[in-house]
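The values are calculated or read from the model by the stated rules, or taken from the named source; none is laboratory data. What you see is a predicted model, and the numbers here were worked out from it, not measured in a lab. When we count neighbours, we look across all protein chains shown, and the Cβ atoms used for this are built from the backbone with ideal geometry, even at glycine.
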Amino acid sequence: MAPLFIQAATIMSTPRLAWAITGSGHYIEECVEFMLSLDHVDLYLSQAGEEVLKMYDIPLTELKNRMPVYRDKAASAPPVGLFYKGYYHTLVMAPTTSNTIAKCTLGIADSLATNLYAQAGKCRVNSIVYPCDSAPEIETTAPGKRKFMVYPRPIELEATDKLRSFPYTEVVNDVDQLIASVTYRLKQL
Ligand SMILES: Cc1cc2nc3c(=O)[nH]c(=O)nc-3n(C[C@H](O)[C@H](O)[C@H](O)COP(=O)(O)O)c2cc1C
């Protein structure tokens, strides 16, 4: 095993981006396509995220060939300790379910994705969050590419708005904003 100072130097010289996918099909294909265009990304999946990827015909094996993938299999979310080692410069959560957004706004950290957001905040690491409930009427895509309308309720819109006020957090409303925001962030580093 390498001495501690070498491990630390290696970790600090290669800060990475943590990307979390939750169980939302909202523009999930576009989010994954953009994520795959980036370097130095670690992918985190909620349990529902893993299921939904499959439903949208996005094979986990292909993602695993491209980047480290962390699945939600443990109660204590062990990999989030990496935030405390300076391993990540940014967390991106895209797409993000109503469920995960609601928990994040309440400070709940009981899954891999909600732990990532909580620990990123506690380590003052910037998060860019793309919620599925960004407007009162939104077009989205079901598995099989069928488009349909969704009308988020006040409780979901309020949660999205509440998250906008959280420190170290940028909430984006669509995929174009997501791409612009992540690209800008990467240029800032
Ligand atoms: C095909 C499919 C698409 C879904 N899309 C969404 C979505 O866009 N937004 C949402 O809030 N929930 C969506 N869900 C439901 C979530 O996956 C479910 O609420 C899950 O418990 C969320 O868990 P997570 O927040 O830990 O990922 C979808 C479920 C399925 C089967």
**Message:** Among the numbered criteria (1) closer than 17 Å to residue 49 by Cα; (2) part of a strand (DSSP E or B), which one does residue 128 miss?
**Reply:** (1)
**Request:** Specify which of the listed residues (100, 114, 105) is within 23 Å of residue 148 (Cβ to Cβ) and either surrounded by 18 or more Cβ atoms within 10 Å (Cβ to Cβ) or not small (Gly, Ala, Ser) (or both).
**Result:** 100
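Going by what's in this entry, would residue 140 be described as within 10 Å of the ligand (Cβ to nearest atom), without any contact (Cβ under 8 Å) to a residue 40 or more places away in the chain and closer than 21 Å to residue 51 by Cβ? Steps first, please.
Details: within 10 Å of the ligand (Cβ to nearest atom): yes; without any contact (Cβ under 8 Å) to a residue 40 or more places away in the chain: no; closer than 21 Å to residue 51 by Cβ: yes.
The answer is no for residue 140.
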**Message:** If the requirement is being within 11 Å of the ligand (Cβ to nearest atom), in contact (Cβ under 8 Å) with a residue 40 or more places away in the chain and not acidic (Asp, Glu), which of these qualifies: 123, 132?
**Reply:** 132
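Taking the conditions exactly as written (surrounded by 14 or more Cβ atoms within 10 Å (Cβ to Cβ) and more than 22 Å from residue 90 (Cβ to Cβ)), does residue 157 satisfy them or not? Step through it out loud before you land on a result.
Numbers: surrounded by 14 or more Cβ atoms within 10 Å (Cβ to Cβ): yes; more than 22 Å from residue 90 (Cβ to Cβ): yes.
Yes.
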**Complete:** A careful count of residues in segment 67-80 that are within 20 Å of residue 126 (Cβ to Cβ) and at pLDDT below 95 gives 3
**Message:** If residue 189 satisfies all but one of (1) within 12 Å of the ligand (Cβ to nearest atom); (2) modelled with pLDDT under 95, what's the number of the condition it fails?
**Reply:** (1)
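Look at residue 168 and say whether it is buried (at least 17 other Cβ atoms within 10 Å of the Cβ) and either β-branched (Val, Ile, Thr) or under 20 Å from residue 42 (Cβ atoms) (or both).
no
Kindly evaluate residue 167 against the criterion of being closer than 17 Å to residue 127 by Cβ and in a loop (DSSP other than H, G, I, E, B). Steps first, please.
Numbers: closer than 17 Å to residue 127 by Cβ: yes; in a loop (DSSP other than H, G, I, E, B): yes.
Yes; evaluated as a whole, the condition is true for this residue.
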**Message:** I want to confirm something. Restricting to segment 117-145 and keeping residues that are more than 11 Å from the chain's Cα centre (by Cα) and among the β-branched types (Val, Ile, Thr), which single residue is surrounded by the most Cβ atoms within 10 Å (Cβ to Cβ)?
**Reply:** 125
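Taking residue 82 as the residue in question, decide whether it is part of a helix (DSSP H, G or I) and either over 28 Å from residue 165 (Cβ atoms) or not polar (S, T, N, Q) (or both). Spell out the reasoning first.
Numbers: part of a helix (DSSP H, G or I): yes; either over 28 Å from residue 165 (Cβ atoms) or not polar (S, T, N, Q) (or both): yes.
When the stated conditions are applied, residue 82 passes them.
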**Boolean, residue 182 is within 16 Å of the ligand (Cβ to nearest atom), among the hydrophobic types (A, V, I, L, M, F, W, C), in contact (Cβ under 8 Å) with a residue 24 or more places away in the chain and not in a loop (DSSP other than H, G, I, E, B)** = no
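Can you tell me how many residues in segment 97-111 are near the ligand (Cβ under 6 Å from one of its atoms) and either within 13 Å of the chain's Cα centre (by Cα) or under 14 Å from residue 161 (Cα atoms) (or both)? Walk me through how you get there before you give the answer.
Going through segment 97-111, the residues near the ligand (Cβ under 6 Å from one of its atoms) turn out to be 97-100, 111.
So of that shortlist, the ones also either within 13 Å of the chain's Cα centre (by Cα) or under 14 Å from residue 161 (Cα atoms) (or both) come out as 97-98, 100, 111.
Selection size over segment 97-111: 4.
Based on this model, can you work out whether residue 90 counts as farther than 22 Å from residue 150 by Cβ, more than 9 Å from the ligand (Cβ to nearest atom), at pLDDT 95 or above and part of a strand (DSSP E or B)?
Working: farther than 22 Å from residue 150 by Cβ: yes; more than 9 Å from the ligand (Cβ to nearest atom): yes; at pLDDT 95 or above: yes; part of a strand (DSSP E or B): yes.
Considered against the rule, which asks whether it is farther than 22 Å from residue 150 by Cβ, more than 9 Å from the ligand (Cβ to nearest atom), at pLDDT 95 or above and part of a strand (DSSP E or B), residue 90 comes out as yes.
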